[in-house]
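This report refers to the structure that appears directly beneath it.
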Amino acid sequence: MNVAVVGTGYVGLVMGAGLAEMGNTVICADVDASKIERLKKNDLPIYEPGLEPMVARNQLEGRLAFTTDVGDAIERSDVVFIAVGTPPDEDGSADLSHVLSVADTIGRHMNRPKVVVTKSTVPVGTAEKVRGAVAARTKVKFSVASNPEFLKEGAAVQDFMKPDRIVLGVDSAEAEAALRELYEPFVRSGNPLLFMDIPSAEVTKYAANAMLAARITLMNQFASLCEKVGADVDHVRSGIGSDARIGKAFLFPGPGYGGSCFPKDVKALCITGREVGAPLDVLEVVERVNERQKGVPVEKLRRALGALSGRTVAIWGLAFKAQTDDMREAAALVVVEKLLAEGVSLRVHDPKAMDEARRRFGDRVTYAGHRYDALKGADALLVLTEWQEYRVLDHEQARKLMKGRVVVDVRNLYEPERMREHGFVYDSIGRP
Ligand code: NAD
């Protein structure tokens, strides 16, 4: 099938490469010329495990191409996916200007019947707006569909190639047939293609993210409770996670959820709820509590170090989670700004997010080429992201390099007892 993917970010690039991998002819279009130039040379602007060889292979074999000519990509395709960003507007609602501008372009280049699919995360009712924007520009028959994406950054290729389920909101036989043909190869092992009406598909995406965000937030609150009453959140996590109704995933407490999706999607869903007269009270609280949680690492450092001014703190991990270079809404953004404002010198390390960190922090922090370089002369180590390479701490090396003995680990990577035995003043999340 001939497919255009408009927007070549984390989602568009992974889906473009994934659809090409299954034998489709895919053109990925983006208005960012420098991104497209890099992609043509297989120089990926993002880090995502397994993506680079897939892009290179499909480009070499002629199934995947990149262009800034969005109109041309649309004209060559039967199915057009809109995968552009939907960042929060000033009031927190989803900014649909990119989506609707692409819809306008699609209308202007509707040279034959096509299926126009919203892949971006958009509020309920957006497919109708897309339909209106396209129809305003063309008399050619077309269908719209909603196909929200559930991939996780850091495991995006795996998630896209082997999805738990594919949600497809359709209201025409043409759209259903095209999407069934496109996606059946991805669910040969039996996971469902869930066809439904378009509003249900649009709500499903927000509901899934809201459910996960609430779960993380509840665990963070259990962690605070555990700290007050002398319980251990790790035991509580195993205890509740073994209940089949609850399950083990997404039960790790931490410095508050971040990333490009949960924060903005929770805010946007709250706004939709208010607008339609079905306020999502629980989610309003989730959002507030999560913002507060991002302050926890600094409070823990203050408790351990006393006055922060003039101290040196090493930070391990800047990305919002492991296996990605994405720092959007990462706890690190809040923590770094708070610590700098208090006069703390920062020595930071991240396996993949250093370029992004340089862009955001400039020369206000010191960038360590190696994780142990970050520890030189530090009064404290703060572990913010759960990268695998941080999971084993070389106690002797850390003691030699650090000036102080404080380790604040908001990902619970280390064993408290062992840390104390090795002479560290150790604090983690929700553990005695
Ligand atoms: P991104 O910011 O990484 O990429 C968006 C791309 O769209 C950019 O390259 C930008 O240049 C391009 N773009 C913007 N306007 C354009 C236009 N008019 N024409 C062509 N290209 C244009 O965003 P992302 O993380 O890939 O997210 C895209 C959508 O998918 C969002 O709605 C997001 O909520 C949703 N989503 C993201 C994830 C994730 O993990 N990142 C997961 C599921 C869903």
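Summary of computed values
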quantity: Dimensionless Rg over Rh [the range 294-427; C-alpha; Kirkwood]; calculated: 0.92
quantity: Per-peptide average of other Cβ atoms within 10 Å, ordering 237-250, 22-35 highest first; calculated: 22-35, 237-250
quantity: Value of relative contact order over the chain, rounded to a whole percent, pairs C-alpha under 8 Å and six or more apart; calculated: 12
quantity: Gaussian network model of the chain, Cα within-10 Å springs - most flexible of Ala319, Ala231, Ala17; calculated: Ala231
quantity: Fluctuation leader among Val14, Val117, Val406 - the chain, Gaussian network, Cα springs under 10 angstrom; calculated: Val406
quantity: Distance between the range 1-49 and the range 255-315 - C-alpha centres, whole angstrom; calculated: 32
quantity: Accessible carbon and sulfur surface of the chain relative to its total accessible area, %, 1.4 Å; calculated: 52
quantity: Where labels lie 7 Å past Cα in the beta-carbon direction, separation of Leu194 and Glu299 in nm; calculated: 3.6
quantity: The range 294-427 - percent relative contact order, Cα under 8 Å, separation 6 or more; calculated: 27
quantity: Computed lengthening from Gln397 to Ala307, 0.36 nm per intervening residue step minus Cα-Cα distance; calculated: 29.8 nm
quantity: Ellipsoid equivalent to the chain - semi-axes via the Cα gyration tensor, in Å; calculated: 42, 24, 19
quantity: Pairs from Lys300/Lys338; Lys114/Lys267; Lys40/Lys152 whose Cα-Cα separation, in the structure shown, is over 21 Å; calculated: Lys114/Lys267; Lys40/Lys152
quantity: Computed E for Ser172/Lys152 - FRET, C-beta separation, R0 22 angstrom, nearest 0.05; calculated: 0.10
quantity: Residue-normalised accessible area of the chain, given per residue in Å² at a 1.4 Å probe; calculated: 43
quantity: Derived scalar couplings ³J(HN,Hα) [the range 94-102; Karplus, 6.51 cos²θ - 1.76 cosθ + 1.60; whole Hz; x for Gly, Pro]; calculated: 6, 7, 9, 4, 5, 4, 6, 5, 5
quantity: Which of Ile429, Ile216 is most accessible, then next, and so on - probe 1.4 Å; calculated: Ile216, Ile429
quantity: Residue-wise HN-Hα coupling along the range 324-335, computed from phi with Karplus coefficients 6.51, -1.76, 1.60 (Hz; x: Gly, Pro); calculated: 8, 9, 7, 10, 4, 6, 5, 4, 4, 4, 5, 5
quantity: Protection-proxy order for peptides 304-310, 103-109, each taking the mean of Cβ atoms within 10 Å per residue, highest first; calculated: 103-109, 304-310
quantity: At 1.002 mPa s and 20 °C, Stokes D of the range 177-220 from Kirkwood alpha-carbon radius, µm² per second; calculated: 169
quantity: Heavy atoms of Thr217 accessible to a 1.4 Å probe, total area in Å² rounded to 10; calculated: 10
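The values are calculated or read from the model by the stated rules, or taken from the named source; none is laboratory data. The structure presented is a predicted model; accordingly, all values stated were derived computationally and were not measured. Counting neighbours? That spans all protein chains shown, and the Cβs are built from the backbone with ideal geometry, glycine included. Ligands, DNA and RNA are stripped out before the accessible areas are found, and what is left, the full protein with its side chains, is counted by its heavy atoms. Shrake-Rupley method; radii C 1.70, N 1.55, O 1.52, S 1.80 Å.
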